[in-house]
Each structure stands twice: as structure tokens, then as C-alpha cells.
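**Q** Structure incoming, see below.
The values are calculated or read from the model by the stated rules, or taken from the named source; none is laboratory data. Note that this is a predicted model, so its numbers are computed, not measured. As a convention, Cβ positions derive from the backbone with ideal geometry for all residues, glycine included, and neighbour counts pool all protein chains shown.
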Amino acid sequence: MAHRPCSRDSGEEQILFPSSCSEHKTLMAGKWFLVMAISREFLGAGIPALSRGWTNAEMPSGSRCPDCGSSELVEDSHYSQSQLVCSDCGCVVTEGVLTTTFNDEGNLREVTYSRSTGENEQVSRSQQRDLRRVRDLCRILKLPPTFEETAISYYQKAYQLSGIRAARLQKKEVLVGCCVLITCRQHNWPLTMGTICTLLYADLDMFSGTYMQLVKLLGLDVPALCLEDLVKSYCGSFKLFQASPSLPAKYVEDKDKMLSRTLLLVELANETWLVTGRHPLPVITAATFLAWQSLRPSDRLTCSLAQFCKLANVDLPYPAASRLQELLAVLLQMAGRLAWLQVLKLDKRTVVKHIGDLLQHRHMLIRMAFRDGTAEAETEEQHPGEQGQLEAEDSTFDLPKRKRPASPAPLLPPCMLKPPKRTHPTPVVSIVTGDENISDSEIEQYLRTPQEVRDFQRAQAAGQAAMSAPNPP
């Protein structure tokens, strides 16, 4: 049984005495007699007891001290911890809990230490690791501190969702990059999915799916990526603006000139439907390559797109070659509308030399190409007879029909110019053998009304009578 220790000052040491010493008993008895007298005086005056515990009415009947057998048990608050103590020997009979709380009725209710301090509400190890990865990713990308706080708050909200919390480990790792990307998009910070996937070694398909799911679950408003800012940040990473042992002097280009021409080519691609529904980096890579070639075509026409990306120390996106061919086709179509270029036999290689002139008059050339293509299509639909008459008149000229200049193609999105092939299911050929089951609906088609039955019987009887009648001589 625990005893309340008493002490005597001896320098800095405290000497503990057991409760069996007579001096300790005398002191404790005097102390508790004084406490009991004051308590009875307060209770007699009608003042409620302030300390937590048992009043005289609430004191358990028959309770005695286990050491001395005394029934003089009183309550004492020792350092805010209520205890039931024997007033004769100082033995601590019961100890209360350290923390308490109030319920609705105003009575006191015990609360465990872990519940009162929130000790069990700890962040899991995986969540702590992912939060560190969010901070590290923001610092690698050199994002402002406000971006880091926003990304962390998005991750904590997403982690509470059941669809995210019970996901696989790969998806949780991708979630780190999704929160950073959403933050950058909301603050118009130029950052692409490909960049984050490269840093996280993540799959692009899984990243894009998780990104769309997170935006939908959190109900966020994420603006579209600003193409101009993306061009500036992406082109700034090219190693083409300073001479080095791996970069010859003829390939070095001024950053401002190259950036301005790349922006014009990207705007041209946007106006001619080459950006819609596509990943932006392949389009920017193709536009940067054409801008770099057009600034010094004599030295750079022999350089291919793959060599250019190797010199610039950037990865070559897979669709960049297709975007390059589409851009060259648009430039050739525009060159056919420019007067001083019509006499030249331009192809996809030589048209690069005249990109500066084409970009200078791009608005007029695009309108001309679009107007001519749509005007011819409308003329063919409205006056098909006159079109055939004109073709007959043209055939009388010396120019052969097959060598006439082709009409310009209408300016339409690539998905409409080259639609994907749709698979049409071949009809199943059914072979009738006569053993098929007859459905109820088909049987009903052969049922006749009573009038039809009578008419059929009369016709059948008339036919038989005509056949049985003798032939006239």
C-alpha cells in the first residue's frame, strides 16, 4: 500500500520517512483534523465543497484504512490529483485519474491519458513519407513556400478519401505529383505531367487517371495550361544558347530570337487545329526545331529532329515527328498563296527558308486558304451541273486533265481530314434449313378470321367442282 511521503530539508536532499514513524503520524493527524474542522464549518454554512470526490453523504459506508483500520478517511487534492487519504496514518487509500471532463449533466467523467492528449491520432508512416516527398518535390522544382503549403493541404484532404486511402502504393506515390501539379496549374505555373512523371519515375497513364480522379473528388477548379508560359519555360531548358564542346558554334542561337519565332509557330499550330486535343510538348518541340532551322537554314537544314533534341539535351517526344510533318504541310499550303513563292517549287525541306515571310503574313494566308477550300466545297454542293460544264470546257485546253493544279484542301482538324477507320460488323448470313422453331408472333401471322376461313373454303370447293366437271365435246 502506498503512503504519502513526508520530507525534511537537508540541503538539496529530501529524506523520505515511512508512514509508521510517530512524528509523521502526529503531523498528519493534526493536519487532517484541521482540514475536517474547516470542511465541517463550510458545509454547515451551506457552501458546497469545491474539491472533486466524495462528500459526507457520498462517502462509502464501511470504508476503513487497510493499515490502521481507522474510518477517518478524507479526500485530498494532491497536485490536482484527488486522493482518498486516512487522516490518522496518512495512508493513500485510493488515487484518482489525472484528467477529467464534464458531460452534459455537469457531473465528472474520467478520461484516459491517451484520449485527452490525442496520443493515438498519429500520422501513419506512409503519409509521413509522402508528405516529405511533397516537400522535396516542391524544393526540387523551386516552387514558392505557399505552393508547398497548398500541395500539402491537398494531399491531406485526398488522403482522407476512402477511394484514395485504400488505393495501391503506386497510386499513392503518384498522388504526390498530382497535388503539386494541381497547385502549379491553379497558380499559372508552367509545369507538365511529363516533367513530374520523369521526376517520380511514374507511368503517364496512371498519373493522368489519378489526376482526373483527384480533381473530380475534391471538386477543384483547375484552369487550362497557358501555352505561352509553357513555351518559355520549356524552351529555356534547351542547351542551344551557349557554346560548348558538344555544341558547334553554327548551332548556337540567340534565346530571344528563337523564343519569339517559336511562339509564332505555336500560335500558327493553334490556329490550324494542330494543338487541340494533343499533348503540348510534341508541338512545342516541332515548332522549336523549325524556328531554330529557319534562323540559319544554310547550316541547319541537314540536321534532323533527333539530332536537334540530342544537341539541346532534351528527350524526343514520340509524336513530335508527326507534329513536324503537319506543321510543314500547313506551311506549304500557305506558301502556295504567297505571290512571290508561287514561282518556286517548294517542298517540305525548302519551305523552311521562307518561314519568316509566312509568319509575317500568316493571318491573311490562313484566311485565304480556308476561304478557298470552303468556297469550292460550297460551289460543288450548290451548282453541280455548272461544275461539270466547267470541267468539260477545261478539257478542251492544252493542259491535260490529270496535270491541272489540285484544289486546296479545306482547313480542318486532322481528325476530320484523316478520320480513324471504323470497323463495321459483317452481317451474319443465315441459312434456312426448315428445322427452325416457329415463334408465336410468326404463327399469329398465319391465323385467319372466320370470314377468311369461309371464303377460303368456298374458293376451295369451287376449284374442286370445276376440276370434277366433264369437259364439253
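**Q** Determine the pairs where a residue that is over 30 Å from His187 (Cβ atoms), located within segment 227-256, has a partner that is modelled with pLDDT under 85 with Cβ atoms under 6 Å apart, the partner being 6 or more residues away or on another chain.
**A** Listed by first residue and then by second, the contacts come to Ala249/Ala243; Val252/Ala243.
**Q** Would you confirm whether any residue within segment 231-250 is crowded, with 16+ Cβ neighbours inside 10 Å, part of a loop (DSSP other than H, G, I, E, B) and within 22 Å of the chain's Cα centre (by Cα)?
**A** No, every residue in segment 231-250 fails to be crowded, with 16+ Cβ neighbours inside 10 Å, part of a loop (DSSP other than H, G, I, E, B) and within 22 Å of the chain's Cα centre (by Cα).
**Q** Looking only at segment 198-242, how many residues end up being acidic (Asp, Glu) and more than 30 Å from Arg300 (Cβ to Cβ)? Give the steps one after another, and end with the answer.
**A** Quick first cut of segment 198-242, residues acidic (Asp, Glu) only: 203, 205, 221, 228-229.
After this cut, where a residue has to be more than 30 Å from Arg300 (Cβ to Cβ) as well, the list is 203, 205, 221.
Summing the residues that are acidic (Asp, Glu) and more than 30 Å from Arg300 (Cβ to Cβ) in segment 198-242 gives 3.
**Q** OK, next. Can you tell me which residue in segment 140-155 is surrounded by the most Cβ atoms within 10 Å (Cβ to Cβ), limited to those that are in contact with a helix residue (DSSP H, G or I) (Cβ under 8 Å, 6 or more places away or on another chain) and assigned to a helix (DSSP H, G or I)?
**A** Step one: of segment 140-155, the residues in contact with a helix residue (DSSP H, G or I) (Cβ under 8 Å, 6 or more places away or on another chain) are 140-141, 143, 147-148, 150-152, 154-155.
Right, trim to assigned to a helix (DSSP H, G or I) and you get 140, 147-148, 150-152, 154-155.
Numbers: Ile140: 10, Phe147: 18, Glu148: 19, Thr150: 20, Ala151: 25, Ile152: 18, Tyr154: 21, Tyr155: 22.
Going through the qualifying residues, I end up with Ala151.
**Q** I'd like the full set of residues that are surrounded by fewer than 18 Cβ atoms within 10 Å (Cβ to Cβ) and either farther than 23 Å from Thr195 by Cβ or more than 25 Å from the chain's Cα centre (by Cα) (or both), limited to segment 271-298.
**A** Passing the criteria: Glu271, Leu295, Arg296, Pro297, Ser298.
**Q** Can you find a residue in segment 285-297 that is modelled with pLDDT of 90 or more, touching a Phe, Trp or Tyr at 6+ places or on another chain (Cβ under 9 Å) and not in a helix (DSSP H, G or I)?
**A** Here is the first cut: in segment 285-297, the residues modelled with pLDDT of 90 or more are 285-297.
Applying the additional criterion that residues be touching a Phe, Trp or Tyr at 6+ places or on another chain (Cβ under 9 Å) yields 285, 288-289, 292-293, 296.
Narrowing further to those that are not in a helix (DSSP H, G or I): 296.
Checking segment 285-297: at least one residue is modelled with pLDDT of 90 or more, touching a Phe, Trp or Tyr at 6+ places or on another chain (Cβ under 9 Å) and not in a helix (DSSP H, G or I).
**Q** For segment 313-340, what are the residues that are basic (Lys, Arg) and closer than 27 Å to Leu247 by Cβ?
**A** Arg323, the sole residue that qualifies.
**Q** Is it the case that some residue within segment 343-361 is surrounded by 20 or more Cβ atoms within 10 Å (Cβ to Cβ), among the small types (Gly, Ala, Ser), out of contact with any strand residue (DSSP E or B) (no Cβ under 7 Å at 6 or more places or on another chain) and modelled with pLDDT of 90 or more?
**A** No, because not a single residue in segment 343-361 is surrounded by 20 or more Cβ atoms within 10 Å (Cβ to Cβ), among the small types (Gly, Ala, Ser), out of contact with any strand residue (DSSP E or B) (no Cβ under 7 Å at 6 or more places or on another chain) and modelled with pLDDT of 90 or more.
**Q** For Thr210, only one of the following conditions fails: (1) in contact (Cβ under 8 Å) with a residue 40 or more places away in the chain; (2) surrounded by 19 or more Cβ atoms within 10 Å (Cβ to Cβ). What is its number?
**A** (1)
**Q** Let me ask something else. Return yes when Leu316 is of a type outside the set (S, T, N, Q) and either part of a loop (DSSP other than H, G, I, E, B) or closer than 27 Å to Asp205 by Cα (or both) and no when it is not. Outline the logic, then answer.
**A** Values: of a type outside the set (S, T, N, Q): yes; either part of a loop (DSSP other than H, G, I, E, B) or closer than 27 Å to Asp205 by Cα (or both): yes.
Judged against the criteria, Leu316 is a match.
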